[in-house]
Each structure stands twice: as structure tokens, then as C-alpha cells.
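Colleague: Questions regarding the structure given below will be posed in turn.
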Amino acid sequence: MSFTRSLIKKCLVSKNKKYVVFILTALTLSLPLLSSEIFYIDFLLVLFMYATIAVGWNIIGGYTGYVSFGHVAFFGLGAYTTAILLVRFGLSPFVTCILGGVVAIVFALLIGIPTLKLKGAYFAIATLGLGFVLQLLFLNLGSLTGGGEGLSLPLPPWDIKTSVEIFYYAMFIVFLASVLTTYWLEHSRFGLALKCIRDDELSAETSGIPTAKLKTMAFLLSAFFPAVSGGLFSYYATYIDPITVFDPKISMYAIVFSMLGGSGSVLGPVIGSIILYSVAQTARYLITAPGVDVMVFSAIAVAVIIYLPEGIVGFLKGRSGAK
Amino acid sequence: MSLLKVINCWKLFGGLKALQNVNFEADQGILGIIGPNGAGKTTLFNVITGVYKPDKGKVFLKNRDITGLSPHTIRRLGISRTFQIPRPFINETVFENVLAAGFFGRVDKVSKKELIEETEKILEFVGLIDKRDEEASSLNIHQRKLLEIARGLITKPILLLVDEIASGLTPAEVDNVVSLIKKVNEKGIGVIWIEHVMRAIMKAAERIIVLDYGKIISEGSPEKVAKDPLVIRAYLGEEIA
């Protein structure tokens, strides 16, 4: 155990980190050239999508300490914004996915101002409703959203393999942008202020930190990336409906991925996503009974909360759960 | 010149009158506030620093009305406070704890480099420089109280509000914080100091205010206050007085 720990530590925590990240990035970029199997590319693409949602969630849930249970709302909002703009106005999803992010930011502002006054479990409960409310709304705004029948998007104008590759790169860019944003956060004044808010909000406020403003900004930032990835997803899937894109499972994924990897760290949500998504998908392919992935996933989640409360990154940094 | 003026302040929590018509002024010296538990001392600090809005009355800092401003604004205008039970940013290092307040709690524009130097100077001043890169969670109670002072000083306050800094410390540690606060005061920073440890406050304060049930019942030099029958009654009960 201690050997693996020191080995992984060498790779991740020391100054070698830069090279490891560089090599992984290069590998990721060249994967479509190395493998002709669409399966693997698709697998990674969806992994990047979940990782982006987890990284976004981590900004408010990990760094700021406000655990949101409704991040799927932003994902779904991004998906629908992009889909509607394509179907009704024919605008390119690669541009409008950013607009989806902007719509999510506006929504997050409206929701954040009242809910961020709540603390702990109350904030979690308030955000839990977000996804469900939007799901109902989009189910019933039939003329705009297609209601329960969903929206079919025009097929991308490329053959399947090219198409998957293009989406793969696009999703990777969004993922990378989210990680770089968190990296900046980790080393900025803004990020330090968020961590102070997480540790002790009253103390942060009396230390001169404008807590209300900064935690709202964190919430907006954390809403943006999931929405952009949602926009890309809608075009990639070529069909969306409120049941799929507002699936509460997506919020849970974001939380558990981050917690396993270590919330409140740059790489935590990424590591958590890679491990848990791979395990869940493998379980799904090995055992073809429905719901197996969710069972495996939940078992891991329980184990993490008991044995690794600080996540993998926290464990590698030598933090125990006890404070 | 008076730094802080509290005029006719009232704070009610439902039927409980936590502050009743409190009036006082604080100048550049050390002003002690004493009183039995639940007298409203910490509430008074919360009203001054903007954590609570007074139901009636005004608070002036150097003739500027600061009533009802947000705590972070009041901090930037020059009032720092320490908490009775220290509230460090537990997962950050000692250095980051102080730096964060420096980044956000100052009105003057300083470069990051200058701020880092000042942070180190202040850690040296309070005696925490050895703990610079340790997480605040590893500090003992004495060190946490020192950290509270350091975090208070980094914003170059006009006034430092100290809330029961001597409670829970050993006699040697009490002497350490008393001399530290005297040194802070010698730098020209006004101090308002709530304290239960009489040995500490009677030595250090020039003037003392006694609160009981939200009212100021006595005011004056430590000697005068200690002999005031009203004060003795508030602490020890009717019969002894």
C-alpha cells in the first residue's frame, strides 16, 4: 500500500506532475489516430463529459463547500439551449454550446442569490429540486422543447468516425478548459477566498472577504462548464428529452466522482471520474443485468465515504479523515 | 479624538434585550469590557463589526456612520476583530490564513510581494513564524489565538476588537497575549477588549466598561470599577454587596 502510495505520489503530487499531465494530454489527443475503434473514443468522450460536470461541480461543492445536488440542471439547460438554437435557427452547436453556458450562468445567478444564503443541508435540499423543476418545465413547454417526445437534432454532416473524433476533441477542449480554470482557481486570490469561505464563512466575512459576492461568482463558474458539455452532448446524441438530460443520476455522478478523487483539489474530480466511470462501465459490460453499474457505483460511493473521506488526492497528501 | 462612538444602541433577540441603550466612546487606548456571562459583550462586538444590525442606535468610526454596513466593509474601514473561540481557516496554512485577510481586508493597494513580506513580519511579531506553512488545524489553542491577532493586524486596522483572548490559556500564555496586545496598542491601534480573566484585563486596560443584562452599569478606571457596589452585585449577588 505504501509503495503504491509513494509511486502515485511521485507521479501526481511532486513536480513531475507537469510532465505526467503533459504526457496524458498528448496521449489523449493522439488516441483517435492510434485506435480505429469508435467504442474507445466514444467511451472517453462520455468520460470527459462526466469529468467536466464533476470539475464544474467541484468549484462550488469542493472549493466553496456548498454541496449542490442539482448540477444536472445546468447540464440539461445547456443541452436544450444548444438543441433549440440548432433546430429552430440552424446555429452551429460548436458556437451555441458557449451560449448554453451563458444561459446556465444567468439561471445560476437567479437561483444562487436566494439559495446561497442557505447553509449545509438546506442548500443541498434547495438545489436538489432544481433538476426536477426544469425537467417538469421542459416536459410541459411542448411548443419550444418538444415536450416528452424530446427534440431530434439534424445529424452532423460527417461520417460516423469523423464525427465521433470531432466531438471527442471538442469535448476534450471543454474538459481541459474546466481543469485549467480550476488550476487557476487553486492559485488565485479568488480561490483562496473560496477556501476560506468553505472553512469558516463568518470568519471570512469579518476578514474582509465579500462572501456573498464571491460564492455567487463561484456558483456561476461552476454552472458554466456542465452546460457547455451538455450543449456538445445534445448534438452528439442527436436526440434529447427531459428525462435523459435532467436525470438526477448525473448530479450524483458529479458529487461522487469528485468525492472519490478528492473534492477541493484540481485533479480530484478528474481522477475520481476516470476510476468510477471506468469501473461502472466495465461492470455494465461484464454483467448485462440492468442497474449493475449503479449498484457497483453505489457500493464504491459508500466505501469512499467510510474509508476515504478526503478522497484519493487527500489520501495521497497524507490527510486522514479525522480533523 | 474618539475612534469609535456607540450611540443609544439596542439589540433585541425576540423578548431578550441583549443590548439596552448602550452608549460609549473608545479612543486610542485599551478599553476593557467586562460583565457576567450573557451580559451582551459579544453581541456588542457583533453590532460594531456589522454581523448584527442594531435595532436602534448608531455606530460611528472616526465620525463616519458605519451602522448596518456589511462586516467585510467595516473590516476594510479599519475595525478588526478576534473571536472568543478562534475561527481559523482550518485547512489553510497559517500563512494563507493571514494572507487571505490581507488580500481582501485592505483598502490600500499593496503588491502581492509587499503583502507577503508584511504577512511574514506580522507572523514574526505574534510569534508564529515557525508555524508559517503548517495547516491551522495543527495549532493549539494559544497559537490559534495568536493567529487571530495576526489575521486582525494584517489589514492595518484603526481598532482591534479582542474577544476573551485570555480564556483557556495557561498563566504564562496569558502574560504572553497581554504583552502582545499592549504592544499592538503601542503601535497606535485602539483596542477594545472583552475579558473574563481579571488578572489580565485589570493590568492592561486604562478604562473599563461593565455590562450587565445589556446595560452599561459602570464605567471608569479599573480601580474605580472594581470597587463599584453595582459591579460587585452583578458578579456576586445582592447579599454580598
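Read-outs throughout are calculated quantities, based only on the coordinates presented, and are distinct from any laboratory measurement. Since the model is a prediction, treat every value here as computed from it, not as a measurement. Here the Cβ is made from the backbone with ideal geometry for all residues, glycine too, and neighbour counts use every protein chain on show.
Colleague: Amide H to amide H under 5 Å from B:Gly32: which residues, 5+ apart in sequence or cross-chain, H placed 1.01 Å off N in plane?
Modeller: B:Trp193, B:Glu206, B:Arg207, B:Ile208, B:Ile209
Colleague: With r as the distance between the Cβ atoms of B:Ser137 and A:Ala303 and R0 = 22 Å, compute the FRET efficiency 1/(1 + (r/R0)^6) and round to 0.05.
Modeller: 0.30
Colleague: Also, quick follow-up: Taking only C-alpha pairs under 8 Å that are 6+ residues apart, what is the relative contact order of the range A:35-247 in percent?
Modeller: That works out to 44 percent.
Colleague: If I stretch the segment between A:Ile113 and A:Leu27 completely, what's the gain in nm (0.36 nm per residue apart, minus their alpha carbon distance), one decimal?
Modeller: Here the segment from A:Ile113 to A:Leu27 would lengthen by 26.8 nm.
Colleague: In addition: Per residue of A:206-219, what is the mean number of Cβ atoms on other protein chains within 10 angstrom of that residue's Cβ?
Modeller: For peptide A:206-219, the averaged partner shielding equals 6.
Colleague: What is the calculated FRET efficiency for B:Val107 to B:Lys5, with r their C-beta to C-beta distance and R₀ = 22 Å, to the nearest 0.05?
Modeller: 0.60
Colleague: Would you work out which of A:Pro242, A:Cys196, A:Ala126 lies farthest towards the positive end of the dipole of the range A:35-247, given +1 charges on the beta-carbon of Lys and Arg and -1 on that of Asp and Glu, about the Cα centre?
Modeller: Result: A:Cys196, furthest along the dipole toward the positive end.
Colleague: Right, something else. Using +1 on the beta carbon of Lys and Arg, -1 on that of Asp and Glu, and nothing else charged, what's the dipole of the range A:197-323 about the Cα centre, debye to 20?
Modeller: Computed about the Cα centre, the dipole is about 200 debye.
Colleague: Can you give the % of DSSP beta bridges in the protein assembly as shown that are antiparallel, to the nearest 5?
Modeller: The antiparallel fraction comes to roughly 60 percent.
Colleague: Report the longest stretch of chain B that contains none of the GluC sites (Glu not before Pro) sitting in a DSSP loop with at most 16 other Cβ atoms within 10 Å.
Modeller: Counting at most 16 other Cβ atoms within 10 Å as exposed, the longest clean stretch of chain B is B:1-133.
Colleague: Continuing with this model, one more query. Averaged over peptide B:86-93, how many Cβ atoms belonging to another chain are found within 10 Å of each residue's Cβ?
Modeller: What the average comes to for B:86-93 is 6.
Colleague: Once you order the gyration tensor axes a ≥ b ≥ c over the Cα atoms, which shape class does chain A get: rounded for a/c under 1.5, otherwise prolate or oblate by comparing a/b with b/c?
Modeller: Oblate.
Colleague: Then there is this: Counting pairs of Cα atoms in chain B, how many percent are more than 22 Å apart?
Modeller: 53 percent
Colleague: Something else now. Quick one: of B:Lys62/B:Lys109; A:Lys119/A:Lys317; B:Lys112/B:Lys182; B:Lys62/B:Lys121; A:Lys317/B:Lys109; A:Lys317/B:Lys183, which pairs are farther than 32 Å apart, Cα to Cα?
Modeller: A:Lys317/B:Lys109; A:Lys317/B:Lys183
Colleague: With n ≥ 4 as the cut-off for DSSP H runs, can you work out [θ] at 222 nm for the protein assembly as shown, using -39500 (n - 2.57) per run divided by the number of residues, rounded to the nearest 500?
Modeller: That calculation yields -19000 deg cm²/dmol at 222 nm.
Colleague: Whole-Hz ³J(HN,Hα) for each residue in the range A:176-183, computed from phi via Karplus 6.51 cos²θ - 1.76 cosθ + 1.60 with θ = phi - 60°, x for glycine and proline: what do you get?
Modeller: In residue order, the calculated couplings are 4, 4, 5, 5, 5, 4, 5, 4 Hz.
Colleague: For B:Lys56, enumerate residues with amide H under 5 Å from its amide H, sequence gap 5+ or separate chain, H modeled in the peptide plane.
Modeller: B:Trp10
Colleague: Next question, about the same structure. Quick one: which of B:Lys17/B:Lys224; A:Lys213/B:Lys11; B:Lys56/B:Lys113; B:Lys131/B:Lys203; B:Lys131/B:Lys215; B:Lys53/B:Lys156 span more than 32 angstrom between C-alpha atoms?
Modeller: Correct reply: B:Lys56/B:Lys113; B:Lys131/B:Lys215.
Colleague: Give me a comma-separated list of calculated 3J(HN,Hα) values for the range A:259-275, in order, Karplus coefficients 6.51, -1.76, 1.60 applied at θ = phi - 60°, integers in Hz, x for any Gly or Pro.
Modeller: 5, 5, x, x, 6, x, 9, 5, 8, x, x, 5, 4, x, 5, 4, 5
Colleague: Here's another thing I want to ask about it. Would you work out if the range A:224-323 is rounded, prolate or oblate? Take a ≥ b ≥ c from the square roots of the eigenvalues of the alpha-carbon gyration tensor; rounded if a/c is under 1.5, else prolate when a/b is larger than b/c, oblate otherwise.
Modeller: oblate
Colleague: Given +1 on the Cβ of Lys and Arg, -1 on the Cβ of Asp and Glu, and no further charges, what dipole in debye does the protein assembly as shown carry about its Cα centre, rounded to the nearest 20?
Modeller: 880 debye
Colleague: Tell me which aspartates and glutamates have Cα within less than 19 Å of A:Lys249's Cα, excluding those fewer than 8 residues away on the same chain?
Modeller: List returned: A:Asp241, A:Asp293.
Colleague: Taking the Cα atoms only, what angle lies between the long axis of helix B:112-126 and the longest principal axis of chain B, rounded to 10 degrees?
Modeller: 50 degrees
Colleague: Something else: Do any trypsin sites (Lys or Arg not before Pro) in the range B:76-163 lie in a DSSP loop with no more than 10 other beta carbon atoms within 10 Å, and if so, which?
Modeller: Counting only loop positions with at most 10 other Cβ atoms within 10 Å, the trypsin sites (Lys or Arg not before Pro) in the range B:76-163 are B:Lys109.
Colleague: If I build a Gaussian network model for chain A, linking alpha-carbon pairs within less than 10 angstrom, which residue out of A:Met252, A:Met295, A:Met49 has the largest mean-square fluctuation?
Modeller: Fluctuation is largest for A:Met295.
Colleague: For the range B:175-241, which trypsin sites (Lys or Arg not before Pro) are in a loop by DSSP, counting at most 14 other Cβ atoms within 10 Å?
Modeller: B:Lys187
Colleague: Just A:Pro32, A:Pro226, A:Pro114 to compare: in a GNM of chain A, with alpha carbon springs under 10 Å, which one fluctuates most?
Modeller: Top of the fluctuation ranking is A:Pro114.
Colleague: For chain B, set up a Gaussian network in which alpha carbons nearer than 10 Å are linked by springs, and say which option among B:Ser137, B:Ser218, B:Ser167 fluctuates the most.
Modeller: Maximum fluctuation in the GNM of chain B, among the listed residues, is at B:Ser137.
Colleague: Still on this structure: Applying 1/(1 + (r/R0)^6) with R0 = 45 Å to the Cβ-Cβ distance of A:Tyr19 and B:Asp55, what FRET efficiency is obtained, to the nearest 0.05?
Modeller: 0.15
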